[in-house]
Structures are given as C-alpha cells and as structure tokens.
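Any read-out appearing in this document is the output of simple, stated calculations on the displayed coordinates, not a laboratory observation. Keep in mind that this is a model prediction, so the values were computed, not measured. Quick reminder, even Gly has a Cβ in these numbers, built from the backbone with ideal geometry, and neighbours come from all protein chains shown.
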Amino acid sequence: MSQTDLEQLREKVDAVNLQILSLINDRASVIQEIGKIKEKQGMNRYDPLRERHMLNLLKDNNNGPLDQKTVDHIFKEIFKSALDMQEEDTRKTLLVSRKKKAEDTIININGEMVGQGEPSFIFGPCAVESQEQVTTVAEAIGGKGLKMIRGGAYKPRTSPYDFQGLGLEGLKMLKKAADQYNLAVVSEIVTPHHLEEALDYVDVVQVGARNMQNFELLKAVGSINKPVLLKRGMSATIEEFINAAEYIIASGNSQIILCERGIRTYEKATRNTLDISAVPILKQETHLPVFVDVTHSTGRRDLLLPAAKAAIAIGADGVMAEVHPDPAVALSDAQQQMNLPQFDEYYDSLMKFMKQYEMKI
Ligand code: PEP
Ligand code: MN
C-alpha cells in the first residue's frame, strides 16, 4: 500500500468520524425532544423495554464486520450519554440553581443581610440548658453587636440515654435571652409536629445533619415564612444536599441557608472532615448563602479559628460555632465548645484576620 493510499483511507476515516458525530448529535436532539414530552407526561426517562427493543433492532441489522458485543457496547454508551444529558438538563432547572437565578439570595435576619458579601456569625451553646446559661451567652454575643444566637432545644442525640434537650421550655428560655439582647433565635426542629408551636420562639429553623433527608420535615419547613438553616447530612453528597434544599424551595420557601458541617470519612483526627471545597461548589451551583459550622466539622477547639479563617477566605457567607459559659460541664459537646474568654479571643482574631486581608466585615 502506498503512502497516498494510506492518506486517502485516513481522510475517509476522518469523514466517517464527522458523519458519526453529526448523527449522534442529531440523535441527541431527538432524545431531548422525547425528554420534554416525557417530562410533560411525568414519564420515567429510562425505559428498559425501549432500550431492549433498540438493541434487538441493531442486532437484526448488524451485517458486520463489528461483532454484536461491540455494537451493543457502543450503542449502550450512546444511550447512556443521552440519559446523562437529560439529567443535566433537569439539574439546570432546579429552583435553587444559579442557572435558574443568577443573583445571590440575600436573607434579612434581624436586620443582618445574610449572603450580601459580609460574613455573618451564629454563636451559642450546643444545647439550651438553663435560663442563666443562655442569658450569659446572649449577653456576650450581643456585646459584640452580633445579631443571632443558636441553641438546641430538641437535640438529636446518638444515644437515647443522653440529654435530649429541654424542648419547648428550652426554646422559651432562648427566646427570652435573645429578646433581651436583640438577637434572632436559630434552633433545630426535628419533626414537623413541633414546627407550629416552635415558630413563636424561633426566627431561623435549623434542619440538622441527621434530618437532611427527612423529606416530610423539608416540605414542612418549605411551607413556612421563616429562614431555614439546612445542614449537610454527614454522609450526603453535594448533589444530595442541593436536592434537599430543592425540597424546601419547591414547597415555597426560598429563604434557605446551606451549612457545611463536615462529612464522615476514614479520618479520625477530626470529628468529621470539613469539606471546605463544598463552599465554592455550593456558591457556584446555587444562589443560596453558605455557612460553615466549624464546631461540628472539626470537633476540636484548637481548629475552630483556622477552620473559620479558611471558611471566610474561601467565600463562605457565615460561620457557626458553639459557645458555652462552662463547656466542661456542658450536657452535650463538652469537648469543643468555647468558653467566654475563648470566644472573645476567637472573635477578635477572626476580625483581625479579616481586616488584615481587607475582607468586608
Ligand atoms: C447542631 O448544630 O446542634 C447539630 C446537632 O449539628 P449537626 O446537625 O450538624 O450534627
Ligand atoms: Mn453541638
């Protein structure tokens, strides 16, 4: 075979490649049309009987030289790419998606514009334990000119024998302390049954990591007119996290703050692994404000400051951390809450850090 023969054959291959390319793109356009019809009719995108029919048709008409196994393999890839493309299309249309709404969602909490560019802070004890405890912490938070206090009244504890929280009484204590220092109350609700009575005392409803996929709870908080702080499930992918937020917005509530709080990995040096890259990914993929909970992600007091710096530097809209007047005797998370002098130092260092790098405060 001469060099010119080889070149001619290669040109032919190039031409066939272009034909295949054009044909598979034509096919993709037709599949998109089918996808729209299926969506309207609420039909499943993947139809195994239809796929079997297409493969049989190809088998009946395959005159070689490719063997049937190879033909099946190639076409299955083509079928799969069309399905992937349709999934990509649905993702684009999520209500929480940046593609749906390009501007940042800004949430007014007690006059603080969360998500507007300056980091916000949520501090407070892991759990509400007494009136005195929350009032002491509220005073420290209010003294810094901050606007929010957290505290769990319904505690989702690993062991049923551990302190379960003070329930509604706890919320009343937190609200009383918050009112005294003009703070908004952030507190976790674990079941739709508690929601209505809790709303008199809670300004921001927290959905905890363990409940990120409690779909009935997500729908319930989606129907209220108060901001929701949605924490990432400890084994949830970013996609699952985004879909959990979609449940809330699809039920009518777009005041959602996403909170990265660490995920379970094999690493034992920290309580969870802070997935810091989730912050810019969530900011890119959604229009919602993103917080980082440095307490539950690290589980280590010595890491609260560096983790908060990292969160702010990477673009988080806020930081959550736990503060207790006497962590050593705290009824939950005694290991990682800051006491009041530590809280002062922590907050000062964070402010210095932000000024040093000319970040907005
Ligand atoms: C909390 O913030 O009180 C809490 C229990 O955190 P998480 O749901 O992230 O574990
Ligand atoms: Mn805690």
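Summary of computed values
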item: Cα-based helix-to-principal-axis angle, 68-92 vs the chain, degrees rounded to 10; result: 40 degrees
item: Estimated distance in nm for a label pair at Thr70 and Ile361, the labels positioned 7 Å out from Cα along Cα-to-Cβ; result: 6.9 nm
item: The range 89-137: GluC sites (Glu not before Pro) in DSSP coil with no more than 13 other Cβ atoms inside 10 Å; result: Glu103
item: Estimated vicinal HN-Hα couplings, Hz - the range 142-156 in sequence order (Karplus 6.51, -1.76, 1.60; Gly, Pro = x); result: x, x, 8, x, 7, 10, 9, 10, 10, x, x, 10, 10, 9, x
item: Summed side-chain charge close to Lys76 - residues other than Lys76 whose Cβ falls under 11 Å, Lys, Arg +1, Asp, Glu -1; result: -1
item: 10 Å-binned pair-distance histogram of the range 156-300 (Cα, whole percent); result: 12, 39, 36, 13, 0
item: Glu7-Ile106 pseudo-label distance in nm [points 7 Å out on the Cα-to-Cβ vector]; result: 6.4 nm
item: Simple label model, 7 Å out from Cα along Cβ direction - Lys99 to Ser349, nm; result: 4.2 nm
item: Anchor Lys59: aspartates and glutamates whose Cα lies under 13 Å away (excluding residues fewer than 8 positions away in-chain); result: Glu51, Asp67, Asp72
item: Straight-distance crosslink candidates among lysines, where the alpha carbon sits under 18 Å from Lys226 and sequence neighbours closer than 8 are dropped; result: Lys147, Lys172, Lys175
item: The range 242-341, relative contact order [Cα under 8 Å, separation at least 6], %; result: 22 percent
item: Over the chain, relative contact order from alpha-carbon pairs under 8 Å, at least 6 apart, %; result: 14 percent
item: Kirkwood Rh in Å, taken over the chain so that all alpha-carbon pairs contribute; result: 23.2 Å
item: Among beta bridges that DSSP assigns inside the chain, antiparallel share in %, nearest 5; result: 15 percent
